[in-house]
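The values are calculated or read from the model by the stated rules, or taken from the named source; none is laboratory data. What you are looking at is a predicted structure, and each value in this text was computed from that prediction instead of being measured. Neighbour counts run over all protein chains shown; Cβ positions are idealised from the backbone, glycine included. For the accessible areas, the whole protein counts, side chains as well, though only heavy atoms, and no ligand, DNA or RNA atoms are used. Shrake-Rupley method; radii C 1.70, N 1.55, O 1.52, S 1.80 Å.
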Amino acid sequence: LEAEIAERKEVEKRLRISENRYRCLFEASTDGILMIDANTGTITDANPSMSALLGCTHEQLLGQQLWQIGLFQDRQACQETLKELQEKQFLRYETLPLQTKDGQHRYVELVSTLYKVNGNQIIHCTIRDITQRKKAEEEYFRLAAIVESSDDAIVGKTLDGTITSWNAAAERLFGYSAEEAVGKHITLIIPAELYWEEEEIIGKLRQGIR
């Protein structure tokens, strides 16, 4: 009997340590974390990063559903997602629009996992703000579209002269397709007697001279 009591106390001690570690990670995470009751779909807990992202207090988040805090368009979309999660146990949205309390529009990555705690189904949601990354991607594709549609030949290269990009106008002007040019040295389009000029240009670029 004493051995059983000692073993039970040891299990309880390890459980408390595990819970304390999880709580520390939960509170300190730079990603937003939500705990949701799988049966009701309501938020039961949220970490400080989640509150900061949404511009809400912890108390304002408790009892709310995902669609009410700007993560899904409406109740139906939220319910459909919860139903899919019940079936798959795991869901990931690489890009999901989110509207904060003060009306800001952001993009997040959302990962949801369904598991059981003492017989109750719990949903753990990790939400990462990817707004800056999304904006950078959109800017990249915007600039890429401008380069590709330009009537000027635009060629990208590394400081050792390797061609990295080759737009449609370059194909028309030089006669090489992008597949033929990318990865080759820039001397592909420079007469042999002018190689020294290219070395001089690259040398200046290495020094930060335009």
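Tabulated values for the structure
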| item | result |
| --- | --- |
| With Cα atoms, 0 to 90° folded angle of helix 75-88 axis to the chain main axis | 90 |
| Degrees, to the nearest 10: 131-149 long Cα axis against longest axis of the chain | 20 |
| Arg16-Leu1 pseudo-label distance in nm [points 7 Å out on the Cα-to-Cβ vector] | 2.4 |
| Segments 143-149, 38-44 sorted - mean Cβ within 10 Å per residue, highest first | 38-44, 143-149 |
| Debye, to nearest 20: dipole size of the chain, +1 on Lys, Arg Cβ, -1 on Asp, Glu Cβ | 740 |
| Pairs of alpha carbons in the chain whose separation is greater than 28 Å (percent) | 55 |
| Extension gain from Leu143 to Asn118, taking 0.36 nm per residue of separation minus the Cα-Cα distance | 3.7 nm |
| Size of electric dipole in the stretch 114-202: Cβ of Lys, Arg +1 and of Asp, Glu -1, about Cα centre, debye, nearest 20 | 1020 |
| Solvent exposure ordering (accessible area, 1.4 Å, most first) of Val108, Val155 | Val155, Val108 |
| 18 Å Cα-Cα reach of Lys134 towards aspartates and glutamates, excluding residues that sit fewer than 8 places from it in its own chain | Asp31, Glu94, Glu109 |
| Förster-model FRET efficiency, 22 Å R0, Lys184 and Ile154, C-beta, rounded to 0.05 | 0.85 |
| Kirkwood hydrodynamic radius over Cα pairs of the stretch 1-125, then Stokes diffusion coefficient at 20 °C and 1.002 mPa s, in µm²/s | 134 |
| Calculated [θ] (222 nm, deg cm²/dmol) that DSSP helices of n ≥ 4 give over the chain, each run adding -39,500 (n - 2.57) | -14000 deg cm²/dmol |
| Zero-based 5 Å bins, Cα pair distances in the stretch 124-210, whole percents | 3, 13, 16, 17, 17, 13, 7, 5, 4, 3, 1, 1, 0, 0 |
| Given Lys13/Lys88; Lys9/Lys88; Lys135/Lys204; Lys101/Lys135; Lys13/Lys83, the pairs whose alpha carbons are separated by over 28 Å | Lys13/Lys88; Lys9/Lys88; Lys135/Lys204; Lys13/Lys83 |
